[in-house]
1. Summing +1 for each Lys or Arg and -1 for each Asp or Glu, what net charge is found among the other residues whose Cβ lies under 14 Å from the Cβ of residue 221?
2. So, taking all protein chains as they sit and a 1.4 Å probe, how much accessible area belongs to residue 240, in Å² rounded to tens?
3. Give the shape of the range 113-248 as rounded, prolate or oblate, defined through the alpha-carbon gyration tensor: a ≥ b ≥ c are the square roots of its eigenvalues, a/c under 1.5 means rounded, and otherwise the shape is prolate if a/b is larger than b/c and oblate if not.
4. Determine ³J(HN,Hα), in whole Hz, for all residues of the range 229-238 in sequence, where each value follows from phi through the Karplus function 6.51 cos²θ - 1.76 cosθ + 1.60 and θ = phi - 60°; x replaces Gly and Pro.
Amino acid sequence: MNCKEVKKYLDAYLDGELAPDLLLDVDGHLEGCETCGSVVLVKRRFKSELLALGEIKAPEHLRMRIGRLPKQQSRRRIFIGAIAVPAAAAAALIVVLNFPDGATPEEPLAAVVDDVVARHVRQLPLEVEGADPVQTASWFRGKVDFPVNASGLKLKQASLQGARLSNVREHQAAQMTYIVDGHRVTLMIFNRRDRALQGGRRVKVGNKDVLLGRHNGFNVAVLLDGDMAYALSSDLSQNKLIDLIKGI
Ligand SMILES: [Zn+2]
């Protein structure tokens, strides 16, 4: 086996994936060849430094973008590329992402429902109080990275109490509290970032989809409007929630 042939097998050699007969051939060559021997040393050191770094989670926006790749480009393991680190580290950092084959990232509705209900029940203090949707919408300006429109805060026969910053799972959310027929209602507005909400019962309201879920005795209705999601949570009936969310 010459140097050129050995080079082809070096990665598999270092990964311990060579068949026994090939392993003997490569080992035999490495014993007598300083050039290939030094390549193995460098590669081995690189690998161990990489392992020492552990697996690195890519930022969410990057993972979202990968999820949007056409199917044939999306593989189970995606190497994002090498990022140079200071020379002292003498290594590169490779970001490895794991995705189900060719899938758009999905988000189970049940997880969203559980979280929305938990926050409805916890009832953290409002950060801005008052019944004026225009004032409330402008309070969110610069605080969340999606538009909060006053028109989206006007629910019919609902009296707005106030709002606060919140989250729905890892999504930043604008949280509103209303009183409807003496019942407290929470509205969560968030950007679902291209993630497909899956599960629950789906009904059409006008030309928009509303997903329905239930957790711990509370109903949740999630209206999908482009990338934005509007989740209502209350002990009111699902039909009442659908009625409320129609106006958004
Ligand atoms: Zn060689």
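1. Neighbourhood net charge equals +3.
2. Accessible area, nearest 10 Å²: 40 Å².
3. rounded
4. 10, 10, 10, 9, 9, 5, 8, 6, 5, 4
The values are calculated or read from the model by the stated rules, or taken from the named source; none is laboratory data. Keep in mind it's a predicted model, so treat the numbers as computed, not measured. Please note: Cβ atoms are built from the backbone with ideal geometry, for glycine as well, and neighbour counts cover all protein chains shown. Accessible surface is based on the protein model in full, side chains and every heavy atom, while ligands, DNA and RNA are left aside. Shrake-Rupley method; radii C 1.70, N 1.55, O 1.52, S 1.80 Å.
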